[in-house]
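Below is one structure, written out as C-alpha cells, with a few remarks after it.
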Amino acid sequence: FEKSYPLEVKTITILSVGGTEAGDNATDFILEAINGTDIRLSSFAGKKAAIIHFFASLSNELANLQTVRNFYGDKIEILGVDNNITDARMAAAKLGVNFPMLLDPASEVKRAYGVSVLPTTYFVDSNGLIAGKKEGQLAERELNERVKSLLAAG
C-alpha cells in the first residue's frame, strides 16, 4: 500500500537570503518534503550541521549521503532537494533514502543558492554558516572527508 502524497507542493518559502560561499550565512528556507512535512533549514541551527544536496536524478551521492546519515544521524541532517516530485519519490524508494527529500518545483531555493550545475552539495555548519560547497559529482571519499571537517568545526 503506497502512502499518498500531495500532488501540489504548497510550501516554498525563502526566509532570508544568504551568500553562496564559505563563511556566508546559509539562505534559510522552508520546503515541503515528499511526505508533506515542512522542513526549515534554520531549525537545525545550534543542534546539527546540515548537508543540502541539489540533485536531478538517481545518483551515487544519494546512497553515499544515506550512509553518512546512518553513521552521523544525531550530528548532521541531510536534505535532498529536487524540483520534480516523481524523481524525488523514486530516488527515496529505490535507494532506501530516509532523510528529507525536499521539493523545489520552481527552483527558487536552487536559484537562491546559485546552483547552476547538478548535483551541487552545500555543507552548512551548526551555526548556519556555509562551510563549503561542491559542484558536480561528490566521491564517497571526498564526502567523508568533508563531513569529518564539518563536524570537527562545529
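The values are calculated or read from the model by the stated rules, or taken from the named source; none is laboratory data. The model shown is predicted, which means the values in this text are computed figures rather than measured ones. A quick note on method: Cβ atoms are made from the backbone with ideal geometry, for glycine too, and the neighbour counts reach across all protein chains shown. In case anyone asks, the SASA skips ligands and DNA or RNA and just uses the protein heavy atoms, side chains included. Shrake-Rupley method; radii C 1.70, N 1.55, O 1.52, S 1.80 Å.
If I ask for residues that are part of a helix (DSSP H, G or I) and among the charged types (D, E, K, R), which ones from segment 117-154 would you list?
Step one: filter segment 117-154 for residues part of a helix (DSSP H, G or I), giving 140-153.
Across segment 117-154, the qualifying residues are E140, R141, E142, E145, R146, K148.
If I ask for residues that are under 19 Å from S107 (Cβ atoms), open to solvent by 20 Å² or more (accessible area, probe 1.4 Å) and hydrophobic (A, V, I, L, M, F, W, C), which ones from segment 39-57 would you list?
Passing the criteria: I39, A56.
Sort through G80, G114 and tell me the only one that's outside any loop (DSSP other than H, G, I, E, B), among the small types (G, A, S) and within 15 Å of the chain's Cα centre (by Cα). Working first, answer last.
Numbers: G114 fails: outside any loop (DSSP other than H, G, I, E, B).
Going through G80, G114 in turn, the sole match is G80.
So, of the residues in segment 131-154 that are buried (at least 20 other Cβ atoms within 10 Å of the Cβ) and in contact with a strand residue (DSSP E or B) (Cβ under 6 Å, 6 or more places away or on another chain), which turns out to be farthest from D28 (Cα to Cα)?
The initial filter retains those residues of segment 131-154 that are buried (at least 20 other Cβ atoms within 10 Å of the Cβ), namely 131, 138, 143, 147, 150.
When the remaining residues are screened for being in contact with a strand residue (DSSP E or B) (Cβ under 6 Å, 6 or more places away or on another chain), the result is 131, 138, 150.
Working: A131: 15, L138: 23, L150: 19 Å.
Of everything passing the filter in segment 131-154, L138 is farthest from D28 (Cα to Cα).
Only one residue in V115, V17 is of a type in the set (A, V, I, L, M, F, W, C), modelled with pLDDT of 95 or more and over 18 Å from K148 (Cα atoms). Which one? I'd like the intermediate steps shown before the answer.
On the way: V17 fails: modelled with pLDDT of 95 or more.
Going through V115, V17 in turn, just one is of a type in the set (A, V, I, L, M, F, W, C), modelled with pLDDT of 95 or more and over 18 Å from K148 (Cα atoms): V115.
May I ask you to say which residue of A92, A112 is more than 22 Å from E142 (Cβ to Cβ) and in contact with a Ser or Thr (Cβ under 6 Å, 6 or more places away or on another chain)? Step through it out loud before you land on a result.
Values: A92 fails: in contact with a Ser or Thr (Cβ under 6 Å, 6 or more places away or on another chain).
Matching residue, one of A92, A112: A112.
When you scan segment 107-116, how many residues do you find that are open to solvent by 60 Å² or more (accessible area, probe 1.4 Å) and either hydrophobic (A, V, I, L, M, F, W, C) or touching a residue at least 40 places away in the same chain (Cβ under 8 Å) (or both)?
Taking segment 107-116 and keeping what is open to solvent by 60 Å² or more (accessible area, probe 1.4 Å), we get 108, 111, 116.
From what's left, either hydrophobic (A, V, I, L, M, F, W, C) or touching a residue at least 40 places away in the same chain (Cβ under 8 Å) (or both): 108.
Final tally of qualifying residues: 1.
Evaluate segment 119-128: report whether one residue or more is surrounded by fewer than 17 Cβ atoms within 10 Å (Cβ to Cβ), at pLDDT below 95 and of a type in the set (S, T, Y).
Let us first name the residues in segment 119-128 that are surrounded by fewer than 17 Cβ atoms within 10 Å (Cβ to Cβ), namely 127.
Then drop every residue that is not at pLDDT below 95, which leaves 127.
From the residues that got through so far, the ones that are of a type in the set (S, T, Y) too are none.
Checked segment 119-128: no residue is surrounded by fewer than 17 Cβ atoms within 10 Å (Cβ to Cβ), at pLDDT below 95 and of a type in the set (S, T, Y).
Could you check segment 64-98 and list, in sequence order, the residues that are among the basic types (K, R) and farther than 19 Å from P119 by Cβ?
Here is the first cut: in segment 64-98, the residues among the basic types (K, R) are 69, 75, 89, 94.
Answer for segment 64-98, where residues must be among the basic types (K, R) and farther than 19 Å from P119 by Cβ: just K75.
Among residues belonging to segment 78-106 that are of a type in the set (D, E) and open to solvent by less than 10 Å² (accessible area, probe 1.4 Å), point out the one that is farthest from A152 (Cα to Cα).
Of segment 78-106, the ones of a type in the set (D, E) are 82, 87, 104.
Filter once more, keeping what is open to solvent by less than 10 Å² (accessible area, probe 1.4 Å): 82, 104.
On the way: D82: 29, D104: 30 Å.
Here the residue is D104.
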